[in-house]
Amino acid sequence: MVGRRAAVVLGALALLAPGTAQPAHAAPAPPAPRRTGLPYGLARSRIVGTPMRHARPLSTRSFSAAAPEVTIDVLDRSGKPPTTDEIDSVLFIPLDGGDWLSAEVRDGHAEAAVPAGAYAVSAYVMSTGANGETSTTLIYRSKVSVTRDTALTLDARTARPIRAAVDRADARTVGIAAVLTQRLGSRVETVALLDGPGNFVTPTGGDSELTFRLQAQLTKDGAATSPYLYAIGAARDGIPADPGLSVRTRDLAAVRTGYAGEGGPACVGTSAGVDWGTGLSVEGWTGQGPLPATRTEYLSPGLNWLRSEYVTGTDCGFAFDDTDVRSRTERYPGAGSYARRWSAAPAGPAAGSLHWQTGQEPALVVRMLSSQDAQSSIAPYAHMTGTSTLRDANGRVIATSDQPGSANDWTHPAPGKYTLTVDANRDAPWSDLATRQHVVWNLTVDDAARVALPVLRYATALDADGRARAGRNQTITVTPDGTGGTPALQVSYDDGERWTSTPLHRSGSGWTTQVRNPASGYVSLRGTVAGVVDQTVIRAYGVG
């Protein structure tokens, strides 16, 4: 396994696995100050994608008598051997792609036999400064040849600080992460990761097989609530002598970003991280504040930014069972001005799937609170209950789940015709929208390991509270997601008691219609593709 010191570094990164009506215009209350001892929950960095490989302890491996002995001495940034509490292992990463190996370190010293070959060698050393703050130094040697008995000194005094800066005097770093990738055999893999301020890394110089990827987030005075955000990133060959990152505002995409509410008082949090295309990314927490909100976000252009929005109650607790999560990827081709919006309404399912014979869990994945421009997490959801049920052509229940849009341990049924029904009921204190959903898919099951679950996505112009103007014509766009079928749409103004068909007209990749908003209340939507999917969202948006 990865050593305890590395585990501490990675432990700071959370792995992310997705009624009574509120008044139509409830005034959002400002977030309450964080209570002492309140857990951060989702308000932290998280790893997205495939984690690094685990290393096998050399103490559990045996090699031939001819295997070289490697002696390692580690020095911390003061030039002293670190204690066992500050480092517990050194990692040997074979450059041919073989198994990663770890050697136990005691008081800065390690001895182990390893197979002859070429390795990258790394170690994480924890240090506590005079101010009591803890930092980590990554000592990394990208190419070490071990053909005979070898002595190595891993010296943290050669490390340099990992910093980020922009040309704005009051901008302070709130998150910074370094991801190191290297070619191992035929693959490029993530070989090291540092997350958090105050860390150090040892330069390697230019190395075309090694890439140092750095990203950072900065806000006004480093505050959680800020009128602006900087999300910057860059990749370089090898670990440079100055591993920091400094950018000019004029070289960034300036994105005026609005965060819409859903009718009730709420707190919004956000995160950002670069999808480097290497299988592992880090999304750093970028702040929080009351909904609705607008701020300018400056992002490095030419990168695929993983963005997530977290909506919770006014205490800004962001607990796992009290937060809605939506994510999307943003990319800006160059510097300049842009506008983007996070709109929770209309919320509904995104295209999902059933997985057979793959051993993949969950077997059912439908993201039930997706918006027009972002995908939600999967169940369980905050303040939502529901079921998922698979029935055969005779209506017999084949499999069930007590979660809407998610299920485990569903096995491959016999080939034939089936229906999958998902029902969801929602009563979130920050939302009076999407209070009920009912989705039915008609499925044909054969020998394929996967069954696609297409849906219809809705989009319409709403204000910052998810409301449309009363008594006005409202344009609604319906976009098929995962199906090429022709959709039909019905609307309801009484929470689904009565439905009225409205004609759809082809418009680009989607279909549009106009409906007349009532004087107050809500508009519910029911979209169908004949023989494929029938989906209902009660209170898709509010009016007033």
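The values are calculated or read from the model by the stated rules, or taken from the named source; none is laboratory data. This is a predicted model, so every value here is computed, not measured. Cβ coordinates were reconstructed from backbone atoms using ideal geometry, including for glycine residues, and neighbour counts include every protein chain displayed.
Tabulated results
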read-out	value
Exclusive hit being farther than 23 Å from VAL48 by Cβ and not charged (D, E, K, R), set GLY273, GLY289, GLY277, GLY352	GLY289
Tabulated pairs, segment 51-62, first surrounded by 11 or more Cβ atoms within 10 Å (Cβ to Cβ), second part of a helix (DSSP H, G or I) and small (Gly, Ala, Ser), C-beta under 6 angstrom, 6+ apart or interchain	none
Selection count, segment 398-416, where residues are closer than 21 Å to PRO349 by Cβ and not in a loop (DSSP other than H, G, I, E, B)	7
Given (1) modelled with pLDDT of 95 or more; (2) buried (at least 20 other Cβ atoms within 10 Å of the Cβ), number of the condition SER343 does not satisfy	(1)
Within segment 111-137, tally of residues that are crowded, with 19+ Cβ neighbours inside 10 Å, over 26 Å from ALA177 (Cβ atoms) and either of a type in the set (Val, Ile, Thr) or modelled with pLDDT of 95 or more (or both)	1
When residues of segment 46-74 are limited to those that are modelled with pLDDT of 90 or more and part of a loop (DSSP other than H, G, I, E, B), the one nearest to the chain's Cα centre (by Cα)	MET52
Scope segment 96-136; condition farther than 12 Å from LEU154 by Cβ, over 30 Å from the mean Cα position of the chain (by Cα) and not in a strand (DSSP E or B); matching residues	ASP96, ASP107, VAL114, PRO115, ALA116, GLY129, ALA130, ASN131, GLY132
Some residue of segment 353-372 being closer than 27 Å to GLY261 by Cβ and surrounded by fewer than 22 Cβ atoms within 10 Å (Cβ to Cβ)	yes
Looking only at segment 143-170, and only at residues there that are of a type in the set (Asp, Glu) and closer than 28 Å to ALA112 by Cβ, the one that is surrounded by the fewest Cβ atoms within 10 Å (Cβ to Cβ)	ASP149
Hey, LEU291 farther than 30 Å from ARG426 by Cα and in contact with a strand residue (DSSP E or B) (Cβ under 9 Å, 6 or more places away or on another chain) or not	no
Some residue of segment 447-470 being modelled with pLDDT of 95 or more, hydroxyl-bearing (Ser, Thr, Tyr) and under 24 Å from TRP511 (Cβ atoms)	yes
Single condition ILE87 does not satisfy, out of (1) part of a strand (DSSP E or B); (2) crowded, with 21+ Cβ neighbours inside 10 Å; (3) among the hydrophobic types (A, V, I, L, M, F, W, C)	(1)
Conditions (1) modelled with pLDDT under 95; (2) under 24 Å from PRO480 (Cβ atoms); number of the one not met by SER327	(1)
Residues of segment 425-458 satisfying the condition of being buried (at least 17 other Cβ atoms within 10 Å of the Cβ) and of a type in the set (Lys, Arg)	ARG426, ARG436, ARG457
Residue match in segment 272-279 (condition: in contact with a Pro (Cβ under 6 Å, 6 or more places away or on another chain), of a type outside the set (Ser, Thr, Tyr) and in the same structural domain as GLN217 (by TED's automatic domain parsing))	no
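Table: residues versus (1) in contact with an Asp or Glu (Cβ under 8 Å, 6 or more places away or on another chain); (2) surrounded by fewer than 22 Cβ atoms within 10 Å (Cβ to Cβ).
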| residue | (1), (2) |
| --- | --- |
| ARG250 | no, yes |
| ALA266 | no, no |
| GLY269 | yes, no |
| GLY273 | yes, no |
| THR278 | yes, yes |
| TRP285 | no, no |
| PRO292 | yes, yes |
| ARG295 | no, yes |
